[in-house]
1. Provide the per-residue ³J(HN,Hα) series for segment 217-231, in order, calculated from phi with Karplus coefficients 6.51, -1.76, 1.60 and θ = phi - 60°, each as a whole number of Hz, with x at glycine and proline positions.
2. Taking H as built 1.01 Å from N, whose amide H comes closer than 5 Å to the amide H of A254, not counting residues under 5 places away?
3. How many angstrom lie between the C-alpha centres of segment 1-65 and segment 318-366?
4. Volume per residue, Å³, of the convex hull around the alpha-carbon atoms of segment 51-146?
5. Quick one: angle between helix 135-145 and the longest Cα principal axis of the chain, in degrees between 0 and 90, rounded to 10, please.
6. Can you tell me the mean projection area, over all orientations, of the convex hull of the chain's alpha carbons? Units nm², please.
7. Looking at segment 56-158, which trypsin sites (Lys or Arg not before Pro) are in a loop (DSSP not H, G, I, E or B) and have at most 12 other Cβ atoms within 10 Å?
8. Order the peptides 320-331, 245-256 from the highest to the lowest mean number of other Cβ atoms within 10 Å of their residues.
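Coordinate-derived values only; no laboratory data. Keep in mind that what you see is a predicted model, and the values were worked out from it rather than measured. Reconstructed Cβ throughout: ideal geometry from the backbone, glycine too, with neighbour counts over all protein chains shown.
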Amino acid sequence: MFCRFLSNTYHFTYDNVKPCCWIKNTPSTQINILDPDIKGKMEKIRQIDEWIPECSYCYDLEKAGTGSPRTRADKESIFSPEDKLGDIIKIELQIDDDCNAACLMCGTWNSSTWQQYEVKTLKTKELSYRWKTTVDERVEAITNIIDFDKAKQVHFFGGEPFNTNTQLRILKLMKHPENIKLVYVTNGSVFPCDETIALWKKFKNVVVAFSIDGIEEHFDYLRWPLRWDQVKVNLEKYTDLCSNKFVMNTSFTATPFNIFYIDRYTKWAEEFSKINKNNSYPINTWFLNPHPVVGNEINMSCIPLALQDVIKSKYGEDSRIAKLLVSFNKEQCQTMLNYIEFHDGHRKLNWRKTFPEVVRYFEETI
């Protein structure tokens, strides 16, 4: 099959359903969650067997010579040659925007804290982005659309999945948990409740992926208003859960500011992966597989050419990190810096003090 996301996956993003989180939102690739013909429209999408413009995220990564979500899906053990077109093997759920962070690479579309912050900073009565469906409507739609009998993996995105009981409601819909792998993406600031941990024991295995884009002051800046000290405490609590059914991973979002410091992050990740309270079960880390930030204000086109040269020299021109670099756009870089300066003023932060080694590359360019 050309792409397992197109052929065997559902991705729910608040008001909409589409094949995966990476595909661009167009009328031909996303469907309203209240549409009575979701299954029929998804069947048409599943017939796609070649590159389409909406799949540019994976296409660009593969063209650059590095892996993409599409190629990684081909290697996932949850898929098999026996799977038929349309069998729902993987389900991705991004249905609750309750979140305790307002990360710079995110926005009001994915965080209740961002929504509150925008109202306060912009003094606006209307949010720049508001979903039209409720969490209850989304859960009901999933109940009506999805048959979990063939599912082998269910993936929970945020908001922050452990901030509410939404993920618990979904877990209770699964009749054969012993066949299902659960994957969570969390900012690490909230430890799951006892009921969640008890339910996990019924599932085939559980992977918790922590969104960590730097440590200490870098984390505090990028994941404002979260604090690295609290996340560290929770990470150590999670190590008590490690077993042959529970695995910890970390996921790194590369931005124009933190990409220079990936070596600092990997050093921490390597040390943390040695923590092994149960002696038998290692802590896995994804510290060498960063993915690029994708956004209107902050994206990889904002990295000045001189800084790109430094990154290539530091990590190697053929490294995964260097392959995340794209053509520099001076106008986009200025837009990003204006955006950063605005939010630094409201958050009482200073990007120049937090990322001092890269400051001159931006100042020499703009």
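1. 5, 5, 5, 4, 6, 6, 10, 3, x, 5, 10, 4, 4, 5, 5
2. H291, V293
3. For segment 1-65 versus segment 318-366, the Cα centre distance is 31 Å.
4. Values: hull volume 17.1 nm³, N = 96.
Convex hull of Cα atoms, per residue: 178 Å³.
5. Rounded to the nearest ten degrees, it is 50.
6. Details: hull surface 73.0 nm².
The directionally averaged projection comes out at 18.3 nm².
7. Values: sites: K63, R70, R72, K75, K84, K90, K120, K123, K125, R130, K132, R138, K150, K152; in loops: K84, K123, K125, R130, K132, K152.
Hits after loop and neighbour filter: K84, K123, K125, R130, K132.
8. Details: 320-331: 16.2, 245-256: 20.8.
Order by mean packing, descending: 245-256, 320-331.
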